[in-house]
Amino acid sequence: MGNTHITFIGAGNMAASLIGGLCKQGIKPEQIRASDPGAQQLQTLQDAYNIKTFSDNCLAIKDADIIVLAVKPQIMRQVCEQLAPAVTAQQLIISIAAGVSSTSLSHWLGVNSIVRCMPNTPALIQQGVSGLYATAQVSAAQQQQAEQLLSAVGLAVWLPEEQLIDAVTAVSGSGPAYFFLLIEAMTQAGIKLGLPAETAALLAKHTAQGASSMACQSPFDAAQLRQQVTSPNGTTAAAIEVFQQGGFTELVDHAVQRAAERSAELAQQLSE
């Protein structure tokens with residue numbers, strides 16, 4: 001990112017993960033700033049990455065090329081209205097707050113170059129995936145900068161329409177919890193079959209990890225991979241049949257649809 005200067009407003013876990021990822025990419029500490037009211041959080045970042053920290057948001061964004069808004073959605077309006085007098089039209093705004101529209105951000109900040117993104121919690125270990133949407137005022141160079149920033153913690157995928165952020169939230173934003181639920185259920189099933197609890201948990205977690213790695217690395221899609229391990233009349237086929245008889249696919253569809261609806265509902269509340 002050359003000599004691009006980045007300021008993080010908010011120094012929570014996601015901001016810390018992004019800062020760590022950027023430093024691993026070779027971004028120099030002097031290019032990164034962070035602002036937060038929590039002195040301990042700032043000290044932790046300063047100790048870990050040797051970046052400059054601030055308690056004053058407006059002072060922190062001076063001369064920044066990119067401003068990353070990493071605060072809770074509930075306080076976003078207050079933070080943006082405080083920043084507005086100090087923000088310039090040349091600065092790129094990147095928001096990682098769920099539910100806060102680019103229209104609201106533009107209204108509160110008084111600028112239009114905004115990228116919204118929805119990362120998920122595996123970004124905390126640099127294995128996340130983020131959906132990104134850019135307003136029309138964001139230049140190609142700025143889009144590249146935003147993509148590089150989010151790629152520091154995983155995969156970055158561009159969206160053609162902002163409303164698709166709700167779908168991203170439902171599939172990947174909330175998605176890790178769905179897999180945690182399956183791991184939890186498989187662990188309990190293993191315990192019922194007589195496995196020690198620790199063994200059942202290890203088997204479930206590492207099976208999920210291995211299957212995910214295969215799905216990401218294989219040229220075949222998930223359906224083909226499933227078919228490859230499902231021998232006719234075998235153990236896997238027996239289990240899959242139970243899932244299908246229980247309406248597994250329909251249940252997942254309904255759950256993801258509801259998550260998307262809830263994302264839209266929360267966004268509406270935050271814009272009111």
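The values are calculated or read from the model by the stated rules, or taken from the named source; none is laboratory data. Please read these numbers as outputs of a predicted model, since none were measured by experiment. With ideal geometry, Cβ positions are generated from the backbone for all residues, glycine too; neighbour counts draw on all protein chains shown.
State whether one or more residues within region 151-169 are at positive phi and assigned by TED's automatic domain parsing to the domain that holds residue 17. For region 151-169, residues at positive phi and assigned by TED's automatic domain parsing to the domain that holds residue 17: present. For region 67-76, a residue qualifies if it is at pLDDT 95 or above and either assigned to a strand (DSSP E or B) or of a type outside the set (A, V, I, L, M, F, W, C) (or both), and the qualifying residues are 67, 68, 69.
Considering only residues in region 84-112 that are within 13 Å of residue 134 (Cβ to Cβ) and free of Cβ contacts under 8 Å to residues at least 40 places away in the same chain, the one that is nearest to the chain's Cα centre (by Cα) turns out to be 95. Output the number of residues of region 21-66 satisfying the condition of being touching a Pro at 6+ places or on another chain (Cβ under 8 Å) and either part of a loop (DSSP other than H, G, I, E, B) or of a type in the set (Val, Ile, Thr) (or both). Total meeting the criteria: 3. Any residue at all in region 251-268 that's over 25 Å from the mean Cα position of the chain (by Cα), modelled with pLDDT of 95 or more and either surrounded by 12 or more Cβ atoms within 10 Å (Cβ to Cβ) or assigned to a helix (DSSP H, G or I) (or both)? No, every residue in region 251-268 fails to be over 25 Å from the mean Cα position of the chain (by Cα), modelled with pLDDT of 95 or more and either surrounded by 12 or more Cβ atoms within 10 Å (Cβ to Cβ) or assigned to a helix (DSSP H, G or I) (or both). Please indicate, with yes or no, whether at least one residue in region 17-35 is under 24 Å from residue 266 (Cβ atoms) and aliphatic (A, V, I, L, M). Yes, the conditions are met somewhere in region 17-35. Of all residues in region 7-44, those that are touching a residue at least 40 places away in the same chain (Cβ under 8 Å) and of a type in the set (Lys, Arg) total 1.
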